[in-house]
Every structure is written in structure tokens, then in C-alpha cells.
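Chemist: Here's a structure for you.
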Amino acid sequence: MHISIFHGDIADVQADAVCTSTNPRLSLMMGTGASIRDRGGFEVLRACEQLIEQERNRSGRSVLPVGSAHATTAGALPFKLAIHCIASDANHHVSSPDIVRSCVRNALRIAAENGCASIAMPVFAAGHARLRFDLALKTMLETLRDSDSTVNEVTIAVNDLDRAEAARAIVASST
């Protein structure tokens, strides 16, 4: 598996699938979710609303499990699909390396099941969920390297230049 760092908006990465790091309500109001919603169009948000409605009908709850991942259309974006990874609790306060691992594994599984050879991911839980950036990234790298997924190209998008440089250093030191 080839892993690279992209500095910029995740919606600009060239990949078969794109991930958001979101909350259990799939609100897509901040960060990568907002980027995918804004650039993909409200078709993406409507698909997320349908997932929440299905969960409400199934379980009586209007939230999805932390660590889970859910595929929708990518709308107007050139990706085959968007994969929404629940990287924190509803208040963006609780996350952990275990949650990040689950997000990465579930995103890879969904991408592979949909014939995707490449995927774009943010650094899960390192924004509003407040997991330390280096810990979240190292956890992602370990999980990716331990994976036997058929996805062979992973691009990790980092919007902040200083963090992108730090991420490149972490990737280089972990090979």
C-alpha cells in the first residue's frame, strides 16, 4: 500500500473514494464533511440524512455508532463514493486511537467492496475531536500498514501547511 500526504482541501485529492471525519449525526457542518457537502452538493447531505433516518427506523436512535463508516454518493465531486467515518461522539469530545483504527478499517473495507483502488482520508479525530494530531496519524499509519486491503493507494489530506509538513515527517520516519 502506498501512503502519501496531500496538502490542501480533501475534495481536491485524486482518488476513487473520499472520507469525511464526522460525528454520529452526519451533520457535515465542519472540516472535511463541510468540504464534501459544499463541493459535492446537497445530494451528499440528503444521502446522509437518509442514513440517519434508516438508523432511526432500525434502532430508534438518530445517531450512528462511533468508529463506523457509511458510504454515500459524492454528489458533484469526481469520486465513486464518499465514506463518512464517525470519528467522535456527538459533541466532538470523545475519540481515541481505537476509534481511529475502526474508522480506517471500515473505510478500507467499504472502498474495497466498491471496487476502489485509491482512497483519500483526513487525519481522523485530530480536529474538533481533539485527539493529538501525531497520535491520530501514527495510529492511522499503523492500521494502514497492517491492512490486507485491496485498496493500494491512500492519500492523507492535511489542510494546514505546518501540519502537512509534520505529517510528511511522521510518514517518512515510520517507513
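The values are calculated or read from the model by the stated rules, or taken from the named source; none is laboratory data. Note that the structure is predicted; figures quoted are calculated from it, not measured. Note that each Cβ is placed from the backbone with ideal geometry, even for glycine, and that neighbours are counted across all protein chains shown. Accessible surface areas use protein heavy atoms only, side chains included; no ligands, DNA or RNA. Shrake-Rupley method; radii C 1.70, N 1.55, O 1.52, S 1.80 Å.
Chemist: So which pairs qualify, if the first residue must be in the range 14-31 and under 19 Å from ILE110 (Cα atoms) and β-branched (Val, Ile, Thr), the second must be assigned to a loop (DSSP other than H, G, I, E, B) and modelled with pLDDT of 90 or more, the Cβ gap must be under 8 Å, and the two must be at least 6 apart or on different chains?
Modeler: Pairs that qualify, where the first residue is under 19 Å from ILE110 (Cα atoms) and β-branched (Val, Ile, Thr) and the partner is assigned to a loop (DSSP other than H, G, I, E, B) and modelled with pLDDT of 90 or more, are VAL18/ALA74; VAL18/LEU77; VAL18/PHE79; THR20/PRO122; THR22/ALA87.
Chemist: (1) of a type outside the set (Asp, Glu); (2) within 30 Å of ARG132 (Cβ to Cβ); (3) open to solvent by 60 Å² or more (accessible area, probe 1.4 Å); (4) part of a helix (DSSP H, G or I): which one isn't true of ARG61, the others all being true?
Modeler: For ARG61, the failing item is (4).
Chemist: Please go through the range 46-58 and pick out each residue that is open to solvent by less than 30 Å² (accessible area, probe 1.4 Å) and without any contact (Cβ under 8 Å) to a residue 24 or more places away in the chain.
Modeler: Filtering the range 46-58 for residues open to solvent by less than 30 Å² (accessible area, probe 1.4 Å) gives 47-48, 52, 55.
Across the range 46-58, the qualifying residue is only GLU55.
Chemist: I've got another one for you. Quick one: in the range 1-45, of everything that is aliphatic (A, V, I, L, M) and part of a loop (DSSP other than H, G, I, E, B), which residue is most open to solvent (accessible area, probe 1.4 Å)?
Modeler: MET29
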